[in-house]
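Here is the structure we will look at.
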Amino acid sequence: MSDFRLSQLPFLDSADPLHLSHWVLQLTGTKLRVSGRHHIPQNAPLLVVSNHRSPLDAPVLMVGLDQEIAFVCHQYMMNVPVLRDIVHQFGAFPLESPRRLFRQGYQRLRRCEAVGIFPEGAKSMVQLQPPQWINPFRRGFAHLALRAPIDPLALLPVAIASNEVGFESPIPLSLLAWFDPSESLFHKGGGHPVVLYREVEVRIGQPIWVTSGDREKYQRHQGTEYAQVLTERCWTAVDKLLQESL
């Protein structure tokens, strides 16, 4: 028996990620507002950095920024048959290892494409948290930005803001441990939390430019420390956008 693929559906046969994203928001009845779209750099490699609470976040960001974005996703998604096809259909690629992240991310950025990263990791998706809470960012995206020989490169901080609190689904969180036993967060009890948006706002901040001068400093000094400074700068920008009143 062959695997089912989304592309077998006639209306999705030739749909690109942006059109698919519009379709998902229409299907879920999600009302979207966008602010700060004038901050999006034109004709420049773009690394989108955002908070993450909902499975709708990738399509929300693509519609909000009005462009295709190749998102970095959790490795376990590539081990789940139907979910794997969804990931491919939306143009995402898995975070299998730092080396692969750098290679695939660099290749896409060199083609002047947009790459999206949710630096909070899995915690924001497997634990229900207050709508305006944002976890510390992991600094992998900062290392990518500082190692990729692309000048200039824009880091675009974006906040996904919604008052939806979410709910605990009947799907056991431990089920995900079958697909990635190395993730400690998947070994907790309870159902997998789900946040779906009825109304959501995409708030786009001013880009943070990474230049050859930044890369020289990154190479000369402690790379980890310099990457951490850039990571915290992006976290602060996203948090400031998120804390604005809806």
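Restricted to the stretch 170-218, and to residues that are at pLDDT below 85 and polar (S, T, N, Q), which residue is nearest to VAL24 (Cα to Cα)? So the residue we want is SER174. The residue that is modelled with the highest pLDDT, counting only those in the stretch 120-133 that are farther than 22 Å from THR224 by Cα and aliphatic (A, V, I, L, M), is LEU128.
Conditions (1) touching a residue at least 40 places away in the same chain (Cβ under 8 Å); (2) surrounded by 16 or more Cβ atoms within 10 Å (Cβ to Cβ), marked per residue:
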| site | (1), (2) |
| --- | --- |
| PRO119 | yes, yes |
| MET125 | yes, yes |
| TRP133 | no, no |
| PRO136 | yes, no |
| ILE150 | yes, yes |
| LEU156 | yes, yes |
| ILE160 | yes, yes |
| VAL165 | no, no |
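Every condition in (1) in contact with a helix residue (DSSP H, G or I) (Cβ under 9 Å, 6 or more places away or on another chain); (2) on the phi > 0 side of the Ramachandran plot is met by GLY166 except one, and the failing one is (1). Of all residues in the stretch 27-57 being open to solvent by 70 Å² or more (accessible area, probe 1.4 Å) and modelled with pLDDT under 95, which is farthest from GLY205 (Cα to Cα)? Step by step, filter the stretch 27-57, then rank; the result is LEU27.
Residues that are among the small types (Gly, Ala, Ser) and at pLDDT 95 or above within the stretch 143-169 comprise ALA154, ALA159, ALA161, SER162, listed in sequence order. Scanning the stretch 58-105 for residues that are at pLDDT 85 or above, open to solvent by 60 Å² or more (accessible area, probe 1.4 Å) and touching a Pro at 6+ places or on another chain (Cβ under 9 Å) gives a single hit, GLU68.
Against the list (1) under 24 Å from ALA237 (Cβ atoms); (2) in a helix (DSSP H, G or I), the condition SER174 fails is (1).
The values are calculated or read from the model by the stated rules, or taken from the named source; none is laboratory data. Fair warning: this is a prediction, and the values are worked out from it, not measured in the lab. Cβ sites come from the backbone with ideal geometry, for glycine too, and all protein chains shown count toward neighbours. Keep in mind that these areas ignore ligands, DNA and RNA; they rest on the heavy atoms of the full protein, side chains included. Shrake-Rupley method; radii C 1.70, N 1.55, O 1.52, S 1.80 Å.
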